[in-house]
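As structure tokens, the structure follows; a few thoughts come after it.
The values are calculated or read from the model by the stated rules, or taken from the named source; none is laboratory data. Everything numeric in this text was worked out from a predicted model, so none of it was measured. Every residue, glycine as well, gets a Cβ built from its backbone with ideal geometry; the counts of neighbours run over all protein chains shown. Note: accessible area is taken over every heavy atom of the protein model, side chains too, but ligands, DNA and RNA are not part of it. Shrake-Rupley method; radii C 1.70, N 1.55, O 1.52, S 1.80 Å.
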Amino acid sequence: MKLSLVIYRVGALGVLLSMAVLFEDPLAGSLRQDASSWLGVAILFGFAGLAGLLLFCVRYSWLKGNSRNLMFFAHGAALIAVLWLILWCFVWLAKMMNMGDSSEMYIKHTAYLHLFGVSFAMAGYAMGWMSPRWGERSALFLMAVAWAVSYMAWFNLFLQPALKWLWAPAVGGLLAALGAFWISRQLKVEAASQVA
């Protein structure tokens, strides 16, 4: 088995484990006290679990075979991931406004970081559209999804370090993004060698 696929699979498992954060205090405690917040939390954290499920279920043969259905699923997930990450930026902004006197400083300093995080996800999405073959395109879309989940987890770890299960999608998302990018390069090289 290719090393890129192993890295991707381990990373996808880490992203899938992001669902465990729903059962971890202080988030689980706040959900028990206020049941009406389930919908918001399900949108904010549930997408990471669904993304992990998608990443984990992808087969290398689908990427190599240029699966059209996978490309549509990966494209939809990447588009939703970019919009979801922008939603998280607004949530973080609201949390930082409650930091008192230092809130303005935090907002200014993290604005550039958010530009980097969202821009990288958007760049992965755009790179996917520039790839001519569906397998490469799917891999790059999956890279954008993995990066979005990873960035969300890293920034939430900064704001809520008590949520230890966020380490799994933080590291896993980076590994899955690296593995997906590496797989897309391998597919490109294989396609070029078949043409030659």
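Out of the residues in region 87-105 meeting the condition of being part of a helix (DSSP H, G or I), open to solvent by less than 80 Å² (accessible area, probe 1.4 Å) and among the aliphatic types (A, V, I, L, M), tell me which one is nearest to W147 (Cα to Cα). So that I can check it myself, show each step before the final result.
Let us first name the residues in region 87-105 that are part of a helix (DSSP H, G or I), namely 87-96, 100-105.
Checking the rest, the ones that are also open to solvent by less than 80 Å² (accessible area, probe 1.4 Å) come to 87-89, 91-96, 100, 102-103.
If we keep only those that are among the aliphatic types (A, V, I, L, M) as well, we get 87, 91, 93-94, 96.
Working: L87: 15, V91: 18, L93: 20, A94: 23, M96: 23 Å.
Looking at residues that are part of a helix (DSSP H, G or I), open to solvent by less than 80 Å² (accessible area, probe 1.4 Å) and among the aliphatic types (A, V, I, L, M), I get L87.
For region 23-72, enumerate the residues that are among the basic types (K, R) and free of Cβ contacts under 8 Å to residues at least 60 places away in the same chain.
Applying the first criterion (among the basic types (K, R)) to region 23-72 yields 32, 59, 64, 68.
R32, R59, listed by residue number.
Which of the residues belonging to region 170-192 are open to solvent by 20 Å² or more (accessible area, probe 1.4 Å), β-branched (V, I, T) and within 20 Å of L16 (Cα to Cα)?
Matches in region 170-192: V171 only.
Please state which one of G11, G29, G40, G49 is within 15 Å of F181 (Cα to Cα) and of a type outside the set (V, I, T). Full working, then the answer.
Values: G29 fails: within 15 Å of F181 (Cα to Cα); G40 fails: within 15 Å of F181 (Cα to Cα); G49 fails: within 15 Å of F181 (Cα to Cα).
After applying the criteria, what remains is G11.
So, in region 106-139, of the ones that are of a type in the set (K, R) and within 15 Å of L187 (Cα to Cα), which residue ends up most open to solvent (accessible area, probe 1.4 Å)?
Going residue by residue through region 106-139, those that are of a type in the set (K, R) are 108, 133, 137.
Next, only the ones that are within 15 Å of L187 (Cα to Cα) stay: 133, 137.
Values: R133: 81, R137: 33 Å².
Among those residues, the one meeting the criterion is R133.
Every residue in region 1-21 that is under 13 Å from F45 (Cα atoms) and open to solvent by less than 20 Å² (accessible area, probe 1.4 Å), please. Don't jump to the end; show me each part of the working.
Here is the first cut: in region 1-21, the residues under 13 Å from F45 (Cα atoms) are 15-21.
V15, S18, V21 - these are the residues of region 1-21 that are under 13 Å from F45 (Cα atoms) and open to solvent by less than 20 Å² (accessible area, probe 1.4 Å).
Look at region 54-82 and say how many of its residues are closer than 23 Å to L16 by Cβ and surrounded by 14 or more Cβ atoms within 10 Å (Cβ to Cβ).
From region 54-82, those closer than 23 Å to L16 by Cβ are 54-64, 67, 69-82; that's our starting set.
Subsequent filtering for residues that are surrounded by 14 or more Cβ atoms within 10 Å (Cβ to Cβ) retains 54-56, 58, 60, 62-64, 67, 70-71, 73-75, 77-82.
Qualifying residue count for the region: 20.
What's the number of the only condition in (1) over 27 Å from M71 (Cα atoms); (2) free of Cβ contacts under 8 Å to residues at least 60 places away in the same chain; (3) of a type in the set (S, T, N, Q) that S131 fails to meet?
Only one criterion in (1) over 27 Å from M71 (Cα atoms); (2) free of Cβ contacts under 8 Å to residues at least 60 places away in the same chain; (3) of a type in the set (S, T, N, Q) is unmet by S131, namely (1).
If you scan region 141-161, which residues turn out to be among the polar types (S, T, N, Q) and either open to solvent by less than 30 Å² (accessible area, probe 1.4 Å) or touching a Phe, Trp or Tyr at 6+ places or on another chain (Cβ under 8 Å) (or both)? I'd like the intermediate steps shown before the answer.
We begin by selecting, within region 141-161, every residue among the polar types (S, T, N, Q); these are 150, 156, 160.
Correct list: S150, N156.
Just to be sure before I move on: is A28 open to solvent by less than 40 Å² (accessible area, probe 1.4 Å) and farther than 22 Å from A148 by Cβ in the structure I sent? Step through it out loud before you land on a result.
On the way: open to solvent by less than 40 Å² (accessible area, probe 1.4 Å): yes; farther than 22 Å from A148 by Cβ: yes.
Yes.
For region 139-196, how many residues are of a type in the set (S, T, N, Q) and in contact with a Ser or Thr (Cβ under 8 Å, 6 or more places away or on another chain)? Reasoning before the result, please.
Step one: filter region 139-196 for residues of a type in the set (S, T, N, Q), giving 150, 156, 160, 184, 186, 193-194.
In the following step, the residues that additionally are in contact with a Ser or Thr (Cβ under 8 Å, 6 or more places away or on another chain) were identified as 184, 186.
The qualifying residues number 2.
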